[in-house]
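The block underneath contains the structure these notes are about, expressed in structure tokens.
The values are calculated or read from the model by the stated rules, or taken from the named source; none is laboratory data. It should be emphasised that the depicted structure is a prediction, and the values quoted were computed from it without experimental measurement. Cβ: placed from backbone, ideal geometry, glycine included. Neighbour counts: every protein chain shown. Just the protein is used for accessible areas: all its heavy atoms, side chains included, with ligands, DNA and RNA removed. Shrake-Rupley method; radii C 1.70, N 1.55, O 1.52, S 1.80 Å.
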Amino acid sequence: MIVCGPLAGRTIVVTRPQAQAAPLAEAIVAAGGTPLIFPLLEISLATDPQPLAEAAARLADYALVVFISPNAADHALPVLLEQQAWPESLIPAAVGQGTVKLLAERGIRGCIAPTERFDSEALLELPELAAERVKGKRIAIFRGDGGRELLADTLRERGATVDCITCYRRSGPSIGVAPLMAAWRAGRLDALTVSSSEGLRYLVDLLDADGRAFLQKTPLFVPHARIAENARALGLSNILLTEAADAGILAGLVAYNWPA
């Protein structure tokens, strides 16, 4: 069978967590390419479930809740909605449109979120998070373990009381990097897409000298300037900054001048 499309003959690594990998993989297939799904982050339950349970018990006390990622929504909502409906006065917020869509699928609408850049800085620019709107309010941030403190710190500076609730944890790939090394050595790995600086650090740490040499030569498509900066800090140079989200990554892949 002859495969057509702008990515025909190209194998593209999709490194999103397993639960979020399908849309980009399907888009790559539609463009004629072959996706190699290799999550750089494995997502699991938080070590301590008590903070999430306590947040669920006082959900109505919050004026606004922020879901940092689809994983945060996936892990928090079953607990938050187990014994009560979503409070009508509670404003949901999200960093990315994928999270907005997931919340809508669970019946939670009216979510505020950035429409262009998808990061904490863009969320903080929204009028609903201005100091005069959040001062004296209680806000919950549902997130994974670790991560940046910019959002919480800024909201506190603006006068809000902020609870950060860890509802999942991240770790590197438990299977190691053998699938990537096999694809590289077989000459059938054309590019990687990376949407997490943390995941990229895991990858670099796991690779031996040969693997890092392969990675250095392989185009790395990233949808955010901060990931590009972190990639350069890790010593990588073949970095392609795309527009945001899966659509931006796909557009970057399609527009790339692939070698003959």
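Scan the range 53-66 for residues that are of a type outside the set (Phe, Trp, Tyr) and either farther than 29 Å from Glu128 by Cβ or open to solvent by less than 40 Å² (accessible area, probe 1.4 Å) (or both) and the total you get is 7.
Counting only strands (runs of 3 or more DSSP E) wholly contained in the range 138-246, the ones carrying 1 or more residues that are surrounded by fewer than 17 Cβ atoms within 10 Å (Cβ to Cβ) and modelled with pLDDT under 95 occupy 161-171. For the range 126-137, enumerate the residues that are loosely packed, with under 14 Cβ neighbours inside 10 Å and under 16 Å from Thr99 (Cβ atoms). Passing the criteria: only Glu128. Filtering the range 109-125 to residues that are touching a residue at least 24 places away in the same chain (Cβ under 8 Å) and either on the phi > 0 side of the Ramachandran plot or not in a helix (DSSP H, G or I) (or both) leaves Glu116, Arg117, Phe118, Asp119.
Could you say which residue among Thr154, Thr99, Thr166 is touching a residue at least 40 places away in the same chain (Cβ under 8 Å), among the β-branched types (Val, Ile, Thr) and touching a helix residue (DSSP H, G or I) at 6+ places or on another chain (Cβ under 7 Å)? First the steps, then the outcome.
Working: Thr154 fails: touching a residue at least 40 places away in the same chain (Cβ under 8 Å); Thr99 fails: touching a residue at least 40 places away in the same chain (Cβ under 8 Å).
On inspection, the qualifying residue turns out to be Thr166.
I'm checking my understanding of the structure. Among residues of the range 45-61 that are touching a helix residue (DSSP H, G or I) at 6+ places or on another chain (Cβ under 9 Å) and small (Gly, Ala, Ser), which one is farthest from Gln84 (Cα to Cα)? Before the answer, list the steps.
At the first step, the residues of the range 45-61 found to be touching a helix residue (DSSP H, G or I) at 6+ places or on another chain (Cβ under 9 Å) are 45-46, 49, 52-53, 55-56, 59.
Next, only the ones that are small (Gly, Ala, Ser) stay: 46, 53, 55-56.
Working: Ala46: 22, Ala53: 13, Ala55: 12, Ala56: 9 Å.
The qualifying residue farthest from Gln84 (Cα to Cα) is Ala46.
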